[in-house]
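A.B. asks: Mind having a look at this structure? Questions to follow.
The values are calculated or read from the model by the stated rules, or taken from the named source; none is laboratory data. Fair warning: this is a prediction, and the values are worked out from it, not measured in the lab. Positions of Cβ are backbone-derived with ideal geometry, glycine not excepted, and every protein chain shown enters the neighbour counts. Side chains are part of the model used for accessible areas, which takes the heavy atoms of the whole protein and leaves out ligands, DNA and RNA. Shrake-Rupley method; radii C 1.70, N 1.55, O 1.52, S 1.80 Å.
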Amino acid sequence: MEQNVATQSKDDVYSKDFTQKKMDKSSSEYGRPKPGTLTEQRAKKAAAHVHREMLTLCEVVEDYGKQEKEGDPIRITFGRLFTIYVNISDKVVGTLLRARKHKMIDFEGEMLFQKRDDHVIITLLLSGAQLKEAIRAHAAANPKE
């Protein structure tokens with residue numbers, strides 16, 4: 001019990017016994033909350049929410065986009081997607097950037113702006129089966145959502 005109290009006071013930033021832990025930037029713990037903390041739970045919940053938003057965005061592209069011919073990827077213009085998706089979420093551009101990082105969709109340019117980039121083509125990189133599997137896997141991993 002006494003050792004546990006000493007360990008807690010060394011980890012408590014407000015304790016006089018607190019010592020800053022040296023972190024290596026290549027460590028898997030770097031930039032991550034301590035396991036088992038409320039911060040870790042909130043981070044996991046937020047990550048699940050963002051993942052669900054990316055999947056919803058991909059579903060909208062699949063539902064409202066078009067294929068030029070059979071076997072081609074589904075595409076939609078940013079202007080059309082913005083008009084449709086803004087009714088679902090106000091985070092259209094941020095979700096697009098995140099989905100591109102995860103190789104779910106693709107588009108040209110670094111950033112998209114309403115009106116200026118309405119003509120930019122958004123391409124869905126996931127097939128219908130891949131998208132349905134990703135949604136199923138997400139639902140299984142996050143039953144409370």
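A.B. asks: Write out, first by first residue and then by second, each pair whose Cβ atoms fall under 6 Å of each other, whose residues are 6+ apart or on separate chains, and whose first residue, in segment 49-75, is at negative phi while the second is open to solvent by 70 Å² or more (accessible area, probe 1.4 Å) and of a type outside the set (D, E, K, R).
C.D. replies: Pairs found: Ile74/Gln67; Arg75/Ile121.
A.B. asks: On the basis of being loosely packed, with under 11 Cβ neighbours inside 10 Å, over 23 Å from Gln130 (Cα atoms) and at pLDDT 90 or above, does Leu112 make the cut?
C.D. replies: Spelling it out, it is not the case that Leu112 is loosely packed, with under 11 Cβ neighbours inside 10 Å, over 23 Å from Gln130 (Cα atoms) and at pLDDT 90 or above.
A.B. asks: Inspect segment 32-49 for any residue being surrounded by 13 or more Cβ atoms within 10 Å (Cβ to Cβ), of a type in the set (Val, Ile, Thr) and not in a loop (DSSP other than H, G, I, E, B) and give the result as yes or no.
C.D. replies: No, because not a single residue in segment 32-49 is surrounded by 13 or more Cβ atoms within 10 Å (Cβ to Cβ), of a type in the set (Val, Ile, Thr) and not in a loop (DSSP other than H, G, I, E, B).
A.B. asks: Considering only residues that are over 23 Å from Ala47 (Cβ atoms) and modelled with pLDDT under 90, look in segment 73-107 and name the one that is nearest to the chain's Cα centre (by Cα).
C.D. replies: The selected residue is Val86.
A.B. asks: Related question: So how many residues does segment 59-100 have that are over 19 Å from Asp117 (Cα atoms) and part of a helix (DSSP H, G or I)?
C.D. replies: Adding up the residues that qualify gives 3.
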